[in-house]
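Before any comments, here is the structure.
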Amino acid sequence: ELGEKEIEEVLNDLMNELLEYDVAFESAEQVINAIRSGLIKVRAPRFGDKTAVVNSAIYEAMLDLLRDIPDMDLIQDMQTKGKRPYIMMYLGPNGYGKTTTIAKVTKYLMDRRFSVVWAAADTFRAGAIEQLEGHSEKLGVKVIKHQYGADPAAVVYDAVQHAQSKRIDVVMIDTAGRMHTDKNLMEEIRKIHKVATPDLSVFVADAMMGNEALEIARTYVKYVPINALIMTKVDAYPKGGSVLTLLMELKRPILFMGTGQGYDDLQKFDKSSFIKQLLGMEGMQ
Amino acid sequence: MKDLTDSLSKLVDKIRGASHIDEETLKEVLKDLQRALLKADVDVKLVYELTKSIEEEYRKEEPPSGISSKDYLLYLIYNKLISIMGGETEAKVELTKRPYVILLVGTEGSGKTTSAGKMAYWFSRKGYRVGLIETDTVRPGAHDQLRQLAEKLNIPFHVDPNSKDAVDIALKGLEKMRKEKVDLIIIDTAGRHRNEEELMKEIKEIYNAVTPDEVVLVIDSTMGKQAAAQAEAFNRNVPINSIFLTKMDSTSRGGGALASVVRTGAKIKFVGSGEYLEDVELFNAKKFVQRLLGM
Ligand SMILES: Nc1nc2c(ncn2[C@@H]2O[C@H](COP(=O)(O)OP(=O)(O)OP(=O)(O)O)[C@@H](O)[C@H]2O)c(=O)[nH]1
Ligand SMILES: Nc1nc2c(ncn2[C@@H]2O[C@H](COP(=O)(O)OP(=O)(O)OP(=O)(O)O)[C@@H](O)[C@H]2O)c(=O)[nH]1
Ligand SMILES: [K+]
Ligand SMILES: [Mg+2]
Ligand SMILES: [Mg+2]
């Protein structure tokens with residue numbers, strides 16, 4: 001067995017590593033505690049390389065932490081729910097990548113022969129409507145829009161009506177970015193969600209987030225259900241540990257990862273390869 | 001918020017309670033300080049360096065007469081952080097020539113365009129004539145966003161929806177703004193990060209073409225360690241002179257910005273705390289450090 005001192009040393013190094021990669025402090029502590037109990041059970045060889053045994057114990061313990069988070073495939077979910085239109089609502093803090101992600105996921109669905117319409121429900125931020133229209137021109141998608149300052153819920157209502165009458169498969173709702181500390185805007189997102197009754201409420205998060213990920217996640221779920229996550233800007237920070245923070249806190253699947261500014265920069269998420277990458281164990285079997 | 005916060009306000013209470021700091025309290029206080037800074041997103045190595053240097057300083061000398069050991073320790077902690085952030089006096093913002101040219105850079109979605117509008121608002125209120133230029137040819141609607149902000153402020157601007165040449169847009173914009181006789185020209189750029197080589201090359205080209213008087217890096221306060229890593233990467237390509245720290249209306253502590261200051265030597269000048277153009281103020285180190293420590 002591993003000595004107590006050895007275990008604490010391993011855990012201390014791991015804690016620092018998790019913090020270095022921006023796993024939130026509290027989440028990192030949770031991970032460490034879970035791994036401690038895993039490590040106590042480890043039978044390390046008396047001679048030779050302990051690292052491999054220790055690493056695989058760490059890996060197993062982390063995978064175990066995420067065990068109850070279901071995998072999710074968008075197309076499968078659409079088929080299971082069997083609804084037309086299937087309504088996706090995108091929400092999250094300012095500038096994390098909602099609008100761009102909508103364009104990417106739309107391209108993904110259009111490549112698979114689904115039809116999509118967009119609701120320009122960000123009626124607040126300068127250029128928000130033109131940004132969607134810019135993408136729509138390139139992808140050939142219709143945008144349902146009102147004026148700046150209009151009620152976002154009314155835009156959503158119109159877009160769903162449009163989809164129903166035109167038999168369009170998917171409605172994507174682009175909501176305005178909002179900080180979790182803004183109570184009025186958080187109440188507004190609650191209301192938009194009520195009107196939209198989305199089949200999938202997608203929280204869009206930036207891979208570069210730090211400890212604030214925890215606070216944001218905890219506040220958001222008080223106002224609005226979150227069914228899935230999309231991590232953006234993973235190309236800027238492939239090892240971004242906020243993924244782990246959010247997975248542990250929200251217990252929701254990661255639908256996609258954004259890996260660039262192009263339409264095809266969208267990847268599926270895989271728990272085990274993410275953990276291996278975070279731990280620097282890419283070579284592990 | 002409450003449960004994860006404020007090891008340092010507890011720490012401060014702890015020392016306030018103690019009349020004299022013994023070895024055990026010192027260790028405990030430094031450990032709590034480390035936790036507070038780690039929760040605030042300060043780089044792990046930097047955290048250990050900081051607490052080590054505070055400890056050394058504390059041990060080196062007796063507190064000045066009339067000052068208790070607890071107050072002395074608090075003073076050392078506070079002072080260390082304040083001095084890193086550039087001292088207690090408010091940031092200095094001067095336009096040392098006319099027109100003064102500012103180039104805004106930063107990662108995607110950090111808040112550059114909005115902050116360009118905020119700086120324009122801030123300087124306009126001081127009585128300067130400000131012009132805005134948009135060189136983002138990547139993000140759809142970027143020019144509309146800048147135009148709408150400029151129209152709201154009723155100030156001159158330059159955009160070119162048909163061009164894909166950021167350098168050319170910047171130069172034409174400069175020419176136009178010089179004719180407009182503005183005091184300050186703010187050039188907004190597309191978002192980019194350290195792994196986007198082409199875009200990093202582009203920012204260098206823009207810099208070389210316009211030779212700005214000041215390069216302002218826009219940092220999102222909700223970012224973790226990448227704030228500093230990205231700041232360093234930008235600083236390798238263009239000299240970062242100052243920092244605009246955004247989204248401080250969040251609950252984040254800003255430790256990423258602290259590390260960015262340490263790594264680049266640039267000072268924070270402006271703080272953004274909301275989506276409206278008026279949500280901008282000059283950086284204040286005292287306020288920043290208090291927030292960083294959860295005080
Ligand atoms: N490198 C990279 N950039 C991304 C990615 N996803 C989004 N972006 C960029 O991030 C910036 C902000 O994206 P938006 O889609 O406007 O973000 P948003 O959440 O809609 O922003 P608001 O509506 O203002 O809250 C844009 O410059 C995008 O090109 C990604 O996966 N990788
Ligand atoms: N809550 C809050 N939101 C902010 C602040 N500054 C900017 N934003 C928001 O952040 C989002 C992104 O801002 P932009 O100005 O578009 O960011 P950018 O860096 O120009 O983005 P790209 O050009 O795509 O790289 C928008 O929703 C802004 O309204 C701030 O201080 N607080
Ligand atoms: K510098
Ligand atoms: Mg948007
Ligand atoms: Mg911009």
Is there a residue being open to solvent by less than 10 Å² (accessible area, probe 1.4 Å), in contact with a helix residue (DSSP H, G or I) (Cβ under 8 Å, 6 or more places away or on another chain) and either closer than 20 Å to residue B:245 by Cα or away from ligand 5 (no atom under 12 Å from the Cβ) (or both) anywhere in region B:147-161? yes
Residues in region A:178-199 that are in contact (Cβ under 8 Å) with a residue 40 or more places away in the chain and within 14 Å of chain B (Cβ to nearest Cβ): how many? 3
Can you say whether residue B:166 is more than 12 Å from chain A (Cβ to nearest Cβ) and of a type in the set (Gly, Ala, Ser), as far as the supplied structure shows? yes
Look at residue B:187 and say whether it is away from ligand 3 (no atom under 16 Å from the Cβ), assigned to a strand (DSSP E or B) and at pLDDT 95 or above. yes
Could you list, in sequence order, the residues of region B:20-68 that are within 14 Å of chain A (Cβ to nearest Cβ), open to solvent by less than 70 Å² (accessible area, probe 1.4 Å) and acidic (Asp, Glu)? B:32, B:41, B:43
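Starting from residues that are over 13 Å from residue A:279 (Cα atoms) and in contact with a helix residue (DSSP H, G or I) (Cβ under 8 Å, 6 or more places away or on another chain), keep the ones in region A:2-27 and report whichever is farthest from the other protein chains (Cβ to nearest Cβ).
Going through region A:2-27, the residues over 13 Å from residue A:279 (Cα atoms) turn out to be A:2-9, A:12, A:24-27.
From what is left, the residues that are in contact with a helix residue (DSSP H, G or I) (Cβ under 8 Å, 6 or more places away or on another chain) are A:2, A:7, A:24-27.
Values: A:2: 24, A:7: 20, A:24: 8, A:25: 5, A:26: 6, A:27: 10 Å.
My answer is A:2.
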Just give me the residues in region A:245-261 being without any contact (Cβ under 8 Å) to a residue 60 or more places away in the chain and assigned to a loop (DSSP other than H, G, I, E, B), in sequence order. A:259, A:260
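Based on what the data block shows, is residue B:280 away from ligand 3 (no atom under 16 Å from the Cβ), of a type in the set (A, V, I, L, M) and more than 14 Å from every other protein chain (Cβ to nearest Cβ)? Write out each step before concluding.
Working: away from ligand 3 (no atom under 16 Å from the Cβ): yes; of a type in the set (A, V, I, L, M): yes; more than 14 Å from every other protein chain (Cβ to nearest Cβ): yes.
It is true that residue B:280 is away from ligand 3 (no atom under 16 Å from the Cβ), of a type in the set (A, V, I, L, M) and more than 14 Å from every other protein chain (Cβ to nearest Cβ).
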With criteria (1) within 24 Å of residue A:23 (Cα to Cα); (2) free of Cβ contacts under 8 Å to residues at least 40 places away in the same chain, residue A:165 comes up short on (1)
Checking the condition open to solvent by less than 20 Å² (accessible area, probe 1.4 Å) and either within 14 Å of chain B (Cβ to nearest Cβ) or touching a residue at least 24 places away in the same chain (Cβ under 8 Å) (or both), which residue from A:98, A:107 passes? A:98
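With the structure loaded, tell me whether residue B:232 is modelled with pLDDT of 95 or more, more than 16 Å from ligand 2 (Cβ to nearest atom), surrounded by fewer than 18 Cβ atoms within 10 Å (Cβ to Cβ) and within 14 Å of chain A (Cβ to nearest Cβ) or whether it fails that test. Give the derivation first.
Working: modelled with pLDDT of 95 or more: yes; more than 16 Å from ligand 2 (Cβ to nearest atom): yes; surrounded by fewer than 18 Cβ atoms within 10 Å (Cβ to Cβ): yes; within 14 Å of chain A (Cβ to nearest Cβ): yes.
Yes, satisfied.
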Region B:263-290: number of residues that are buried (at least 17 other Cβ atoms within 10 Å of the Cβ), in a helix (DSSP H, G or I) and not small (Gly, Ala, Ser): 4
Which residues, counting only those in region A:122-135, are more than 8 Å from chain B (Cβ to nearest Cβ) and within 23 Å of the chain's Cα centre (by Cα)? A:122
In region B:117-135, is there at least one residue being among the acidic types (Asp, Glu), in contact (Cβ under 8 Å) with a residue 12 or more places away in the chain, buried (at least 17 other Cβ atoms within 10 Å of the Cβ) and within 29 Å of residue A:124 (Cβ to Cβ)? yes
Scan region A:84-93 and give yes if some residue there is more than 21 Å from residue A:233 (Cβ to Cβ), outside any loop (DSSP other than H, G, I, E, B), more than 16 Å from ligand 3 (Cβ to nearest atom) and out of contact with any strand residue (DSSP E or B) (no Cβ under 6 Å at 6 or more places or on another chain), otherwise no. no
For residue B:123, work out the one condition from (1) outside any strand (DSSP E or B); (2) touching a His at 6+ places or on another chain (Cβ under 9 Å) it doesn't fulfil. (2)
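Within the bounds of region B:81-99, is there any residue that is within 14 Å of another protein chain (Cβ to nearest Cβ), more than 16 Å from ligand 3 (Cβ to nearest atom), within 24 Å of the chain's Cα centre (by Cα) and not acidic (Asp, Glu)?
No.
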Among the listed residues B:104, B:146, identify the single one that is under 21 Å from residue B:202 (Cα atoms), within 11 Å of chain A (Cβ to nearest Cβ) and among the hydrophobic types (A, V, I, L, M, F, W, C). B:146
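Within region A:111-121, count every residue that is open to solvent by 10 Å² or more (accessible area, probe 1.4 Å) and either of a type outside the set (Val, Ile, Thr) or within 13 Å of chain B (Cβ to nearest Cβ) (or both). Let's see the steps before the verdict.
Restricting attention to region A:111-121, the residues satisfying the condition of being open to solvent by 10 Å² or more (accessible area, probe 1.4 Å) are A:111-116.
Filter again for either of a type outside the set (Val, Ile, Thr) or within 13 Å of chain B (Cβ to nearest Cβ) (or both), leaving A:111-115.
Number of matching residues: 5.
Which residues, counting only those in region A:138-168, are small (Gly, Ala, Ser) and assigned to a loop (DSSP other than H, G, I, E, B)?
Quick first cut of region A:138-168, residues small (Gly, Ala, Ser) only: A:140, A:149-150, A:153-154, A:159, A:163, A:165.
Scanning region A:138-168 gives A:140, A:149, A:150.
The values are calculated or read from the model by the stated rules, or taken from the named source; none is laboratory data. Since we're looking at a predicted model, the values are computed, not measured. Counting neighbours? That spans all protein chains shown, and the Cβs are built from the backbone with ideal geometry, glycine included. Heads up: the accessible areas ignore ligands, DNA and RNA and are worked out on the full protein's heavy atoms, side chains in. Shrake-Rupley method; radii C 1.70, N 1.55, O 1.52, S 1.80 Å.
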